[in-house]
Amino acid sequence: MSATRRPPLGIPVDSAKRWTENYQLATQESGRLFLMAGDQKVEHLNDDFVGAEVAADDADPEHLFRIASAAPVGCFAAQMGLLSLYGRDYPEIPYLLKLNSKTHLVKTAEQDPLSSQWQSMSQVQDFVRHSGLKVVGVGYTIYPGSAYEAQMLSEAARMIQDAHAMGLLAVIWAYPRGKAVGKREQDSHMIAGAAGLVACLGADFAKVNPPLDDQGNMDAHLLGEAVAAAGRTQVICAGGSETDAKSFLQRLHEQIHLGGTQGCATGRNVHQRSQADAIGFCRAIHAMVVHNQSVEEAGKYLASS
Amino acid sequence: MSATRRPPLGIPVDSAKRWTENYQLATQESGRLFLMAGDQKVEHLNDDFVGAEVAADDADPEHLFRIASAAPVGCFAAQMGLLSLYGRDYPEIPYLLKLNSKTHLVKTAEQDPLSSQWQSMSQVQDFVRHSGLKVVGVGYTIYPGSAYEAQMLSEAARMIQDAHAMGLLAVIWAYPRGKAVGKREQDSHMIAGAAGLVACLGADFAKVNPPLDDQGNMDAHLLGEAVAAAGRTQVICAGGSETDAKSFLQRLHEQIHLGGTQGCATGRNVHQRSQADAIGFCRAIHAMVVHNQSVEEAGKYLASS
Amino acid sequence: MSATRRPPLGIPVDSAKRWTENYQLATQESGRLFLMAGDQKVEHLNDDFVGAEVAADDADPEHLFRIASAAPVGCFAAQMGLLSLYGRDYPEIPYLLKLNSKTHLVKTAEQDPLSSQWQSMSQVQDFVRHSGLKVVGVGYTIYPGSAYEAQMLSEAARMIQDAHAMGLLAVIWAYPRGKAVGKREQDSHMIAGAAGLVACLGADFAKVNPPLDDQGNMDAHLLGEAVAAAGRTQVICAGGSETDAKSFLQRLHEQIHLGGTQGCATGRNVHQRSQADAIGFCRAIHAMVVHNQSVEEAGKYLASS
Amino acid sequence: MSATRRPPLGIPVDSAKRWTENYQLATQESGRLFLMAGDQKVEHLNDDFVGAEVAADDADPEHLFRIASAAPVGCFAAQMGLLSLYGRDYPEIPYLLKLNSKTHLVKTAEQDPLSSQWQSMSQVQDFVRHSGLKVVGVGYTIYPGSAYEAQMLSEAARMIQDAHAMGLLAVIWAYPRGKAVGKREQDSHMIAGAAGLVACLGADFAKVNPPLDDQGNMDAHLLGEAVAAAGRTQVICAGGSETDAKSFLQRLHEQIHLGGTQGCATGRNVHQRSQADAIGFCRAIHAMVVHNQSVEEAGKYLASS
Amino acid sequence: MSATRRPPLGIPVDSAKRWTENYQLATQESGRLFLMAGDQKVEHLNDDFVGAEVAADDADPEHLFRIASAAPVGCFAAQMGLLSLYGRDYPEIPYLLKLNSKTHLVKTAEQDPLSSQWQSMSQVQDFVRHSGLKVVGVGYTIYPGSAYEAQMLSEAARMIQDAHAMGLLAVIWAYPRGKAVGKREQDSHMIAGAAGLVACLGADFAKVNPPLDDQGNMDAHLLGEAVAAAGRTQVICAGGSETDAKSFLQRLHEQIHLGGTQGCATGRNVHQRSQADAIGFCRAIHAMVVHNQSVEEAGKYLASS
């Protein structure tokens, strides 16, 4: 675990300096990233925020900010609009601007996924300047294998280059999806392909789904191919739907230590808990990701339940 | 009911100051918005403006302006073209520029809805500067779940950011629609999803249709999920087709006091009445929205009929 | 009949002054518009210009200019290309630049109509400046109900705003068309919807097809709904295919005096006649539109045949 | 035959002066244009350049330049890329930049034709300035009746206006094509429609296919309708596939003297011959087009074979 | 074999000078190009980088850079993102920026191929300036015969012109593909057509697949048509899937000496070997391409295995 990653090549010296500051801030000087994902209010509409298994706190978008401000997350990823509404009250959070989002209403069986960039990069620049928030980077989802792949790869490539030129990190959510991908979305070789693609885009982090074996079971060893393929682009796994906290930590530990990932991206597993539970859960993740603690050590931060 | 909403973050100080002035003007210093919707001449062509149940006054577009100038509406939403034709004679009205509109000719069963921005933001800026009108904000309709969702989300996001940078309010009409949505257009969970999406876009107000229960009946309690999901984005309900004035007020009272909405958006229910009736009706709505009066108190403003 | 229409709001004072001059020129200080339509060489290719019923003169595009220069038309609408070829010899004509055109080759049954703007507004501005021609305005055709409606409404809205900012009039040809419209193209309620839509776009004139009753017969009274819906946007009727001159005048008189239209747009009915006949025919129309003469009075200008 | 055509209206005086120089150069002061078409390496890939009937010389693209530099062509039309590779060695040739091209791989039965502009007009301007070549104009192919007609008409209209503003000629290849056109591609009335359309675009020359009668035979008289419809836009006929030199000259003579065309566009008929034959053939065409010679007189330039 | 190729016409003198320097660098002053292709991490995802036949080294993207820096390649082609991650450690490599890439997930049978430009040319310029890398040129893949051909030809043409204006080489990967091409992808006449098309685009090098005869066998003589058709655009063959080193050299020798190609583009054949083998293999290719050595001479550089 090293915090000495160098900035991307091909940007002005000042940008490189700002990028390094943002990298240190986002990785909490550990070189690993604990990204709290908060873009589901578009991606999943309100499905993730209400329900029998979901803490009542989660119905209010501010729940996300309350957690992110009290918990030691590396960055909190959300759409610029949410930040414009809540950011003033939570200036201490390191933010990642998620620049594209789509709803899950149109199913892949009906139409291949397309998610377009919302704000222009000059709007990003204005927002960063005028908000005074600690915006550490930008995020974008690509769907390799979609019929609309070309649009998204081009938009992502330009966004990354512009982000770096502003000194911002670039994180790519890479989800193979579409009729051509079919059931192979979480195939380990497919995911490795997506991770390698993200490296070619020049992103700093690739957020991928955890690969499954032929029986549909997660196996952290399967991540190895993706981590190798991504090279210097650091791989983090998406957290998926809510699960038992201990199992989550166990799985994360394996992803990092067996799979070679360098952090994690967690959304539902965090915000579907009550504020107190969520903060404890984040502390445990932080202990593991940033301080390299064991499952047992990290587990101590969990609220006893 | 509070009038102390803060401006969106991420815009210049001067813009924030103008935004606050526009917010106070549009909400009549109440923090609640009474939006008179006047965009149906495109959305519904002439269907709403003639007919046995429609006052003869309504055949003339100026009817809209006559009402809006004499009645205490928070803002009158219409296309820039109408304003360029009538605005000079009605400078006292607070206007909201509705920037996209489509006709209802192409049905959802034939093609998913797409509504594109008409004027560019630089044309908006020129119009505001040269017209001298009290333009308090802009409006845009999104159709989550449409096959063209990506185009509209991107255009809306950019419009909102630009509007805020000009000190203008941004109101999003959010109507889930398309083959993927089917009959769920007024499902309360779907509408909550749309309201949360609007918050992620950073709009100041989300205009949604009132949710229906499984039997297709309105129930103001069902709005609670949407109001929660929208967080600091204030939710207002569309008025729907014309109804009895008293029933309308009763329903609006429930939407506000049971559902938690913060105003209303009314079109046909206003302009399909004669000028005198419409003005009385608006006064009743204003009493309820801005002065928080009861159904009985507000009802006194209705023209006796 | 009044010539005191005020310029659109929202443009610089100088533009408003130029707009008023152009309005006076185009309406011949009558407030009514006699538009000679000369865009059919694209819209109908050569179908309108040769044939047993068509004067031999009409095979040559210059025929259009010869008529327009000798006859008292309010403006002659044609594509910029034709003006660049013939305008130097006919500087006395008030021109309207028709900015989009399509051929009739692809039928609506095969593909919904799409007509895109040809020259950019900055090319329009350059043309006006360098040609020295009396360009009074621009024209654009929209097809409400087409699957491509969104493209055309957006392009038209921007064109109108830019035209007004240059002091030019904006005339919209509004033809509901497409699979969703089917046989209702000339339904009076549909046409009223289109006319109201044009008002929302802010155009100065809406050119519509004359509505038909259920038996497919023209009845000028049916125009009333459209004229009311258009409000301050003035409605003029398209002339349609060639007809007997007297019948044309009778019909036009009814359109103006029973239907409330404020001028007419005539193409084939003019240019399919010999030069002498066409000029006489135009004088008759001018007498009726601009000088408010009766059918009998206007008929005196017709060449005896 | 006159060389006194005036420049298009609506461009700066300097541009008009350059346009006139280019017109004189391209028409060799005759007012008629002998255009050597060299865009088939894209349009027909290598089909036209090898084969039993094709001279071996033609396999090398330089063959085109060798001919064009030694033969008295009015202009040689080719893509900018070819000119960037060979132009330095052939500075004496008057060039026409063909700005769009497509392959013939996708057949009309599969998809309607679309050919998009390759270089931007600012790249054209840079090329003209930096190459020092005698670029007399630009060319563009439109396919009226294609499902993509709108894109091409808009692009062509803008290109023509920009070309004229640079003092360049504009030549439009106008080929009705697409499912809606079917077998009517060479119908004389259809071609006349295309020629008239080109006039509305404002091009200087329209290159059309020679019309066929009902039995599929060429008849130069059939060109009359197109020549009339094009008005001041001069019509030239495409040469078609290789044919006997004498027959070609006979046909060309008829096109000019019976059909009223003002030049010709020849590609395969020239370059599929050996260099010597091609040059002789061009001299014969030149004699007929520029010096108005008879078939017999012009025929003397043909290499005896 | 000559190193005296002249720069493209139509660019500023300074650009021409830089182009010549880049050409000399890329061709190692031989006039022939040994391009090491490293864009497969997108084009083939991870398929080329793992497997029983693939050296373990290849799993790591840095393998590509290790080879390219130690081996005498003319240029190493990869996406800008990879260069931004690894370029700082490998400043000695001459790079070619591959500007478009697509995955192979969507099969041609499902949808015709479309590959869009990733970074804008102004981003390319910024990258070149700020990276300090030896970027000798840019690359772009076109798919003639695809339903999306028009988009790619236009984008490629503009890219080439801009690249030359920056003094960069332009290499076009030309692969006929799509439903209209079917099984003719490696037909020699089809490939000749593609090569000629690339010349019309003005690229410096065309990278084509080796043509096959009717039995599906490679025959270097078949390249003659393509090399002739490309004229001054130099043709290099893609290497294809990994093969025995000696066979590769034999084939390359034939391509150059029988087929007339001027270099080669090799990807999988290089990087699927271990670092040592790959470097030896590259030395052999270099000996043949740059020093014109025989199969036997060049073979001496191969690691004995």
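The values are calculated or read from the model by the stated rules, or taken from the named source; none is laboratory data. Keep in mind that what you see is a predicted model, and the values were worked out from it rather than measured. Glycine also receives a Cβ, built like all others from the backbone with ideal geometry; neighbour counts cover every protein chain displayed.
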Query raised in the report: When you look at C:R32, is it surrounded by 24 or more Cβ atoms within 10 Å (Cβ to Cβ) and in contact with a helix residue (DSSP H, G or I) (Cβ under 9 Å, 6 or more places away or on another chain), yes or no?
Result: yes
Report summary line: Within the stretch D:36-62, of all residues that are small (G, A, S) and part of a helix (DSSP H, G or I), the one surrounded by the most Cβ atoms within 10 Å (Cβ to Cβ) is D:A59
Query raised in the report: Which of the residues spanning the stretch B:117-138 are in contact (Cβ under 8 Å) with a residue 40 or more places away in the chain, within 10 Å of another protein chain (Cβ to nearest Cβ) and over 17 Å from C:P8 (Cα atoms)?
Result: B:Q117
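Yes or no, residue by residue, for (1) in contact with a Gly (Cβ under 7 Å, 6 or more places away or on another chain); (2) under 30 Å from E:R88 (Cα atoms):
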residue	(1), (2)
A:V227	yes, yes
A:V235	no, yes
A:G239	yes, no
A:R251	no, no
A:M288	no, no
Report summary line: Residue hits (the stretch A:71-86; in a loop (DSSP other than H, G, I, E, B) and closer than 24 Å to A:I160 by Cβ) are A:V73, A:G74, A:Q79
Query raised in the report: Would it be correct to say that A:G280 is crowded, with 18+ Cβ neighbours inside 10 Å and out of contact with any helix residue (DSSP H, G or I) (no Cβ under 7 Å at 6 or more places or on another chain)?
Result: yes
Query raised in the report: What residue, of C:G81, C:G38, is without any contact (Cβ under 8 Å) to a residue 60 or more places away in the chain and either within 14 Å of chain D (Cβ to nearest Cβ) or in contact with a Cys (Cβ under 9 Å, 6 or more places away or on another chain) (or both)?
Result: C:G81
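Matching residues to (1) surrounded by 23 or more Cβ atoms within 10 Å (Cβ to Cβ); (2) in contact with a strand residue (DSSP E or B) (Cβ under 6 Å, 6 or more places away or on another chain); (3) among the hydroxyl-bearing types (S, T, Y); (4) more than 30 Å from D:D47 (Cβ to Cβ):
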| site | (1), (2), (3), (4) |
| --- | --- |
| E:L222 | no, no, no, no |
| E:R232 | no, no, no, no |
| E:E254 | no, no, no, no |
| E:H257 | no, no, no, no |
| E:I285 | yes, yes, no, yes |
| E:V290 | no, no, no, yes |
**Report entry** the stretch A:1-29 - residue that is of a type in the set (S, T, Y) and farther than 22 Å from A:L133 by Cα and, of those, farthest from the other protein chains (Cβ to nearest Cβ)
**Finding:** A:S2
Query raised in the report: Which of the residues spanning the stretch B:91-116 are polar (S, T, N, Q) and either outside any loop (DSSP other than H, G, I, E, B) or within 30 Å of C:P8 (Cα to Cα) (or both)?
Result: B:N100, B:S101, B:T103, B:S115, B:S116
Report task. State the number of residues belonging to the stretch A:56-72 that are closer than 17 Å to B:G196 by Cα and small (G, A, S). Result -> 2
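Per-residue answers, yes or no, for (1) among the small types (G, A, S); (2) more than 26 Å from A:A156 (Cβ to Cβ); (3) in a helix (DSSP H, G or I):
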{"position": "A:R6", "(1), (2), (3)": "no, no, no"}
{"position": "A:N22", "(1), (2), (3)": "no, no, yes"}
{"position": "A:L25", "(1), (2), (3)": "no, no, yes"}
{"position": "A:F34", "(1), (2), (3)": "no, no, no"}
{"position": "A:L64", "(1), (2), (3)": "no, no, yes"}
{"position": "A:S69", "(1), (2), (3)": "yes, yes, yes"}
{"position": "A:R88", "(1), (2), (3)": "no, yes, yes"}
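Yes or no, residue by residue, for (1) closer than 25 Å to A:A203 by Cβ; (2) touching a residue at least 40 places away in the same chain (Cβ under 8 Å); (3) in a helix (DSSP H, G or I); (4) among the basic types (K, R):
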| site | (1), (2), (3), (4) |
| --- | --- |
| A:T243 | no, no, no, no |
| A:S247 | no, no, yes, no |
| A:E254 | yes, no, yes, no |
| A:R273 | no, yes, no, yes |
| A:E296 | no, no, yes, no |
| A:Y301 | no, no, no, no |
Query raised in the report: Residues of the stretch D:145-188 being part of a strand (DSSP E or B) and within 30 Å of D:F127 (Cα to Cα), which ones?
Result: D:L169, D:A170, D:V171, D:I172, D:W173, D:A174
Report task. Kindly provide the set of residues from the stretch D:288-305 that are at pLDDT 95 or above and either closer than 22 Å to D:M218 by Cβ or touching a Cys at 6+ places or on another chain (Cβ under 6 Å) (or both), ordered by number. Result -> D:M288, D:V289, D:N292, D:Q293, D:S294, D:V295, D:E296, D:A298, D:G299
**Report entry** Hey, C:K17 in contact (Cβ under 8 Å) with a residue 24 or more places away in the chain, over 19 Å from C:E92 (Cα atoms), touching a Phe, Trp or Tyr at 6+ places or on another chain (Cβ under 8 Å) and not in a loop (DSSP other than H, G, I, E, B) or not
**Finding:** no
Query raised in the report: Do we have any residue at all in the stretch B:72-83 that's among the polar types (S, T, N, Q), at pLDDT 95 or above and surrounded by fewer than 21 Cβ atoms within 10 Å (Cβ to Cβ)?
Result: no
Report task. Kindly indicate whether D:H221 is in a helix (DSSP H, G or I) and either over 29 Å from D:S15 (Cα atoms) or of a type in the set (D, E) (or both). Result -> yes
Query - One residue from D:L252, D:L258 being out of contact with any His (no Cβ under 7 Å at 6 or more places or on another chain) and within 22 Å of D:L222 (Cβ to Cβ) - result: D:L252
Query - Residues being touching a Gly at 6+ places or on another chain (Cβ under 8 Å), at the interface with chain E (Cβ under 7 Å from one of its Cβ atoms), in contact (Cβ under 8 Å) with a residue 12 or more places away in the chain and not hydroxyl-bearing (S, T, Y) - total across the stretch D:86-116 - result: 2
Query - Residues that are among the charged types (D, E, K, R) and either crowded, with 24+ Cβ neighbours inside 10 Å or at the interface with chain B (Cβ under 10 Å from one of its Cβ atoms) (or both), drawn from the stretch C:146-205 - result: C:E149, C:E155, C:R158, C:D162, C:R177, C:K179, C:R184, C:D204
